[in-house]
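Here the structure comes first, spelled out in structure tokens, and everything after it is commentary.
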Amino acid sequence: MIPVALRLHNPMSAVVWLALFVPGHFLGGRLGLLLPAGALLLSGAASLTLSSPWETRRPGRQAAGLFFLLALLDAVSYAYSTAFNGIRTGAGDVWALSRYPVAGAFTVYLIQHYDESVRKSLETGLTAAIYLSLFLLSIGARSWYLFEPAGLLGCLSVLAAIHFLFFSLAPLRRVHAAASALVVLFNAPPVLTSSREAFAYFGRSPVFGWGPALYEPMSTLGNQYLRWLLRNGVLGAGLILIGLCLVAFRLLRASWDDPHHLLGAALFLGVVAGMLMLGAFLEDFRIFVLTAMLIAGMHAGVRS
């Protein structure tokens, strides 16, 4: 008999397995295209085959509008940057312009269609990924990690530990949290980095940023906040931060009556904020998807 966690009653469950179990070193850079394409197809299937409560549709339209506005600002910033760099375009630039609509559509469908089958898939997949990572670590096979670089696995393991520890009373979940903490111990995220050169570029185009233009600071910059300022300027980065603050407020408000859940939500959001300073993790669709899944699951759990 097929385990409940593997039954795809909701196509969104397949996005979880894609994000967790497609090894990054097998596909190289193409993984960044595979996951968003799969997420869009599967979330589109969910939106057409699963009912969506009427009350979710207005926030969905508002969220989609916000993400498409970000895409418009990104396009404007790219045109603005050509005044400094000339026309330097390619397939990567076209994909970069589509990043926000893709992420926005996925997020809207996720909010509308997160259910028990998705939750079970997420937690089963997370558990398998954590213990697989510990096994590979014990035999010295780090090169076979599902996540590269290992710091990505470390960040995800922090979020998994908080999720397992604060959002259920099941004893086995505490064991999973301890296993996640071990993965964090051996795969610590990178230290905070910044770039003076990045600030100099930002000063030349502070309002709209530089769009997906090719230039040296972006390739090595390990701070998501600075990357947003460089790519989208004050306007785009401001909209992104407003959206993140609204998500954080809704999660904390939903947890307000339960001090244990409230502490877990606050720690989770604090870790996400730290992740943004440690690297371009939310420009990485894989980490973005899994973080969004965990937040949606926590929000659904504290309101049940």
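The values are calculated or read from the model by the stated rules, or taken from the named source; none is laboratory data. What you see is a predicted model, and the numbers here were worked out from it, not measured in a lab. Cβ placement follows ideal geometry from the backbone for every residue including glycine, while neighbour counts extend to all protein chains displayed.
With respect to V234, determine if the residue is under 25 Å from G154 (Cβ atoms), surrounded by fewer than 21 Cβ atoms within 10 Å (Cβ to Cβ) and in contact (Cβ under 8 Å) with a residue 24 or more places away in the chain. The answer is no for V234. Do the conditions hold for L278, that is, is it hydrophobic (A, V, I, L, M, F, W, C) and closer than 30 Å to S77 by Cβ? Answer is yes for this residue. Note on the range 147-166: residues that are touching a residue at least 60 places away in the same chain (Cβ under 8 Å) and closer than 30 Å to P259 by Cβ amount to 9. Would you point out the residue of the range 1-18, among those that are assigned to a helix (DSSP H, G or I) and modelled with pLDDT under 50, that is surrounded by the most Cβ atoms within 10 Å (Cβ to Cβ)? That would be A5. The residues of the range 19-33 that are in a helix (DSSP H, G or I) and at pLDDT 70 or above, listed by number, are A19, L20, F21. Of everything in the range 245-269 that is part of a helix (DSSP H, G or I) and free of Cβ contacts under 8 Å to residues at least 12 places away in the same chain, the residue that is surrounded by the most Cβ atoms within 10 Å (Cβ to Cβ) is L262.
Take the residues in the range 58-72 that are at pLDDT 70 or above and over 13 Å from G243 (Cβ atoms); name whichever of them is surrounded by the most Cβ atoms within 10 Å (Cβ to Cβ). Taking the candidates together, the pick is A71.
Condition check: in a helix (DSSP H, G or I), at pLDDT below 85 and over 21 Å from W210 (Cβ atoms). Does V272 satisfy that? No, not satisfied. Return yes when L159 is closer than 23 Å to G264 by Cβ, among the hydrophobic types (A, V, I, L, M, F, W, C) and either in contact with a strand residue (DSSP E or B) (Cβ under 7 Å, 6 or more places away or on another chain) or modelled with pLDDT under 80 (or both) and no when it is not. So L159 does not fit the description; no.
Checking each residue in the range 118-136 for being buried (at least 18 other Cβ atoms within 10 Å of the Cβ) and over 15 Å from the mean Cα position of the chain (by Cα) picks out V118, R119, K120, S121, E123, T124, G125, T127, A129, I130, S133.
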